[in-house]
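Asker: After the C-alpha cells below, expect a handful of questions from me.
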Number of protein chains: 2
Amino acid sequence: MKRPTIADIARRAGVSKVAVSYALNDRPGVSEAKRAVIKAIAEEIGWRPNSAARALSGARAHTIGLTVCRPARILGVEPFFMELISGIESELSARSYALMLQVVTDPGQEVEIYRRWWGERRVDGAILVDLRFSDPRVTELEELGLPVVVLGHPSEAGTLVPVWSDDTVAVREAVEYLTALGHRRIARVAGLPELVHTVLRDQAFTAVCRELGLESHTIMHTDYTGDEGARATRRLIGSPARPTAIVYDNDIMAVAGLSAAQEMRLDVPGDLSIVAWDDSPLSQVVRPALTALSRDIPAYGAHAARTLLSLVAGEGEVTGGEITGFEDRAARLVPRGSTAPPPAG
Amino acid sequence: MKRPTIADIARRAGVSKVAVSYALNDRPGVSEAKRAVIKAIAEEIGWRPNSAARALSGARAHTIGLTVCRPARILGVEPFFMELISGIESELSARSYALMLQVVTDPGQEVEIYRRWWGERRVDGAILVDLRFSDPRVTELEELGLPVVVLGHPSEAGTLVPVWSDDTVAVREAVEYLTALGHRRIARVAGLPELVHTVLRDQAFTAVCRELGLESHTIMHTDYTGDEGARATRRLIGSPARPTAIVYDNDIMAVAGLSAAQEMRLDVPGDLSIVAWDDSPLSQVVRPALTALSRDIPAYGAHAARTLLSLVAGEGEVTGGEITGFEDRAARLVPRGSTAPPPAG
DNA sequence: TCGCCGTACTTACCCGGTTCACCGTTTCGG
DNA sequence: CCGAAACGGTGAACCGGGTAAGTACGGCGA
C-alpha cells in the first residue's frame, strides 16, 4: 500500500535513481530505450512525484494562492468570485498548478496568510483582489518578494503587476446609452467606497454626466448586499429629483432594486430604467431581464492566472521583456428589457 | 532575501539545528532558557517552517482537497458552493489547514485529480460532493486509501464517511405546510436526476403527497439553471392540471420561476405559491420574498471539514471510537410572502 | 569513591527527488 | 592513430526539516 518512489522504479529497472529522474523528466542522460522502460514501469506501478520532495529541492510548489476577504453571505450570492475562480483554475489546471484558497474576514489577515504561505513555500505566487487606495497590502507584499498579480488599476498597484479593465469606457457607454434614450436624471448605486474601482467608476460617472450636462447624477454607496441595494433604491425613488435611471454596481443589487421599484408600483422600464454591472445568469432570469454591463469574468481570471504564471516562471531570469501587466477588455453594454426612454412627464 | 531555515537560527543561537527543532516544536530536550532564545530569534528573522520539508519527513501536508464538477456559469450563480467553501475554510483555517480547490467539467476527472493529489502527497484528505447512485468515484476512492468525507446520504457512501442531512423531513415539512394552506396540486422542479439527493427528495415528495392524498404531484427534472427552472414553470402553468404550488430545488430556479409566473400574469402567491430549497440572500431580495427551506450551509461545510480532520488525525491510530459520520440538521421551512392559500376556483 | 540517573545537547541518518561532478565507452575528425 | 567530444550512466551531496541513538555533564545516594 506504500506509495512508490523513484527508488522503487530504479530497483525494478536495474538502474540508478538518477537515471529514473532524468528519464521521467525528459532530460538528456538516458538512452531512449531505457527511458521507455522506466516510463513503462512508472506507469505500471502508478508512480507520482512527491510534490514535497520536488518543492524541497529548489523547485516550485506548483501552487498559487488566493485570499478573499468578504463575509460568507455576500461571497455566496455574488457570482463574481466563483466565476473568477473557475477562470483562474482553467488556466492553472492546464499547467498542473493548484489553487490554494482562503476566505478571511479582515483584509489585514490576507497579508498574514500570504506571508505564511510564502514562508512555508506553499505557493509560488498570489493574486490580490479588492484593491484599496494606498493599500497597505501592496507595500507589504512588495517587500515580501512574493510574485503577485493585482486585480485592479495600475495606478494603485505599486510595483506589483496589474491586471485590469478600463471601467471608464464602460461607465461612459452606459451613461451615453441612457442619455440617448432621453434620461436626464441618472443615479449610481455603488459598492464600497474604499475600493479603487468603485471610486474610479464614481469619478468617471460624475465626469461623463457633467460633460453631457445631465440634470442630476447622484451616487450612493453600499456594501454590495441586496438589502442595501433595495434601501438605496427606495431612497432614490422617494427623493425630490427622482432619477429615471439607476446603474447598479453588481447584479444582486440590481435585482433587489428592481424588486423594490416594482413593490413601490413603479414600472420597469416604463417609470425607471435599470442597468446592472456584471452580467450573471441572474440578470436574465428576472423580468424584465436586466440591461447589463457584461464582462467575461472567467476570462479575466484566466488572464490574471496566465500573467502570474509567466511572472513566476520568469522570476530572476534575464528575459529582455519585463512583465508589465495586462489590460482586459472593458465591459460592454448588453441592452435588455430593463431600459427604455424615461416617462413623458 | 533568502528565506531563513532552522540552520540559520541554529547558527545565530550557537546550537545545533536539532535543538532548534525541539525548541520550536515545544518538545523536551532543551532548557527553557535556550528555548526562549531560539524562539525569539525565529520570531525576529521571520522564520516559517518549510511545508515541503515537513511534509517530506513523514508528516502531513496540512491541506485538504475539494473538487467541484459544474460548469462555470452554474457554479457562479449558485450560492451553495461559495457558502459551503467558506464554511469549510472557517474550520480549516482555525487549525492552519489549507484548502486546495479544483473546478472540473467532468466527474471522471475528479478521481484523477484526487489520485494525483494523493500520489503527490499534496493533500491529507478530501471532500466528495454531488454524490451519484453507484458512484464510481466512491469505489475508486475507497481503494485509493485517501481519507474522504462524502457530502451525501450514507446509503450510497460505501465505506467512506458521510456527512448529510435528512431531506425527507424537510420535504415533508414543505408539503404538509402547503397542504395545510389548502393546496391539492403541488409540483416539484427538481435538479439533476442522477444525484442521490435529488432522487431521495423525489421519493419523499411522492410518498408524502400520496400519504396526504393530494390530487397531483408532478416532478420535473432540470439542470439547476434559471433557464430550465423558467421553462419547467411555464410548462407546469400551461398544463391541464395546473399546480397551485411549486417547490424548487434551488433558489435561482425559484427566482426564475417567479419571474416566469409573473410574466404569464399569474399573481404570486395569489395564483401560485412558490417554495425555494436553500435560502440565500437572493430569496429575500425578490418580491414577494420567497418562502424557503433554509439550511445553514456554512455550518454544513464546517461539519464536513471537522469530520474530515478528525478522520485524518485518527488515521491508523488505535482509537476505540470509529468515525461514523455526521448528520446535520434538516432544512427548516421559513415562510415568507411567496406562499398563501390557493385561489378559490 | 563509584555507580546511576536525568537533563541538555549533539551526531548521524532519514524522507524523495534533483543536480553536479565524474567516469567509462564509443565515435569522429585531423 | 591519437585526442577530443558526445553519449550513457553513476555516486554523492543537497534541499529543510524530523527522529533515534548517543554523549557529556551534573547531582545524588550508597
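The values are calculated or read from the model by the stated rules, or taken from the named source; none is laboratory data. Every value quoted in this text rests on a predicted model; they were computed, and no experiment measured them. A quick note on method: Cβ atoms are made from the backbone with ideal geometry, for glycine too, and the neighbour counts reach across all protein chains shown. For the accessible areas, the whole protein counts, side chains as well, though only heavy atoms, and no ligand, DNA or RNA atoms are used. Shrake-Rupley method; radii C 1.70, N 1.55, O 1.52, S 1.80 Å.
Asker: Within region B:280-295, which residues are open to solvent by less than 20 Å² (accessible area, probe 1.4 Å), at the interface with chain A (Cβ under 7 Å from one of its Cβ atoms) and touching a residue at least 24 places away in the same chain (Cβ under 8 Å)?
Answerer: Across region B:280-295, the qualifying residues are B:Ser280, B:Leu282, B:Val286.
Asker: On to the next question. Can you tell me which residues in region B:11-64 are more than 9 Å from DNA strand D (Cβ to nearest atom), within 14 Å of chain A (Cβ to nearest Cβ) and among the basic types (Lys, Arg)?
Answerer: Once the filter is applied, which keeps residues that are more than 9 Å from DNA strand D (Cβ to nearest atom), within 14 Å of chain A (Cβ to nearest Cβ) and among the basic types (Lys, Arg), region B:11-64 yields only B:Arg60.
Asker: Determine if region A:65-75 includes at least one residue that is modelled with pLDDT under 90, open to solvent by less than 30 Å² (accessible area, probe 1.4 Å), among the aliphatic types (A, V, I, L, M) and more than 9 Å from DNA strand D (Cβ to nearest atom). Lay out the reasoning, then the answer.
Answerer: Taking region A:65-75 first, the residues modelled with pLDDT under 90 are A:69-75.
Next, only the ones that are open to solvent by less than 30 Å² (accessible area, probe 1.4 Å) stay: A:69-70, A:74-75.
If we keep only those that are among the aliphatic types (A, V, I, L, M) as well, we get A:74-75.
Adding the requirement that they be more than 9 Å from DNA strand D (Cβ to nearest atom) leaves A:74-75.
For region A:65-75, residues modelled with pLDDT under 90, open to solvent by less than 30 Å² (accessible area, probe 1.4 Å), among the aliphatic types (A, V, I, L, M) and more than 9 Å from DNA strand D (Cβ to nearest atom): present.
Asker: Restricting to region B:179-211, name every residue that is under 16 Å from B:Tyr248 (Cα atoms), open to solvent by 50 Å² or more (accessible area, probe 1.4 Å) and of a type in the set (Gly, Ala, Ser).
Answerer: Within region B:179-211, no residue meets the criteria.
Asker: Go through (1) assigned to a loop (DSSP other than H, G, I, E, B); (2) open to solvent by less than 50 Å² (accessible area, probe 1.4 Å); (3) under 29 Å from B:Ala289 (Cα atoms) and name the single condition A:Leu214 misses.
Answerer: In the conditions (1) assigned to a loop (DSSP other than H, G, I, E, B); (2) open to solvent by less than 50 Å² (accessible area, probe 1.4 Å); (3) under 29 Å from B:Ala289 (Cα atoms), A:Leu214 misses (3) alone.
Asker: Let me ask another. Restricted to region B:28-45, and to residues that are charged (D, E, K, R) and within 10 Å of DNA strand C (Cβ to nearest atom), which residue is farthest from A:Leu144 (Cα to Cα)?
Answerer: That would be B:Glu32.
Asker: Looking only at region A:108-157, count every residue that is assigned to a strand (DSSP E or B) and buried (at least 20 other Cβ atoms within 10 Å of the Cβ) and tell me the total.
Answerer: Adding up the residues that qualify gives 8.
Asker: Would you mind finding the one in A:Arg235, A:Arg201 that is of a type in the set (D, E, K, R), in contact with a strand residue (DSSP E or B) (Cβ under 8 Å, 6 or more places away or on another chain) and within 23 Å of A:Trp164 (Cα to Cα)?
Answerer: A:Arg201
Asker: Right, something else. What is the residue count in region B:232-254 for residues that are among the basic types (Lys, Arg) and in contact (Cβ under 8 Å) with a residue 24 or more places away in the chain?
Answerer: Within region B:232-254, residues that are among the basic types (Lys, Arg) and in contact (Cβ under 8 Å) with a residue 24 or more places away in the chain number 2.
Asker: Does any residue in region B:296-321 that is surrounded by 20 or more Cβ atoms within 10 Å (Cβ to Cβ) and at pLDDT 90 or above come within less than 9 Å, Cβ to Cβ, of a residue that is of a type in the set (Gly, Ala, Ser) and assigned to a loop (DSSP other than H, G, I, E, B) six or more places away or on a different chain, and which pairs are these?
Answerer: B:Ile297/B:Ser280; B:Thr307/B:Gly325
Asker: Collect the residues in region A:243-252 that are over 16 Å from A:Arg201 (Cα atoms) and at pLDDT 95 or above, keeping them in residue-number order.
Answerer: Hits for region A:243-252 are A:Pro243, A:Thr244, A:Ala245.
Asker: Can you go through A:Glu89, A:Glu78 and tell me which one is within 7 Å of chain B (Cβ to nearest Cβ), open to solvent by less than 20 Å² (accessible area, probe 1.4 Å) and more than 8 Å from DNA strand D (Cβ to nearest atom)? Please lay out each step first, then the result.
Answerer: Details: A:Glu78 fails: within 7 Å of chain B (Cβ to nearest Cβ).
So the residue among A:Glu89, A:Glu78 that is within 7 Å of chain B (Cβ to nearest Cβ), open to solvent by less than 20 Å² (accessible area, probe 1.4 Å) and more than 8 Å from DNA strand D (Cβ to nearest atom) is A:Glu89.
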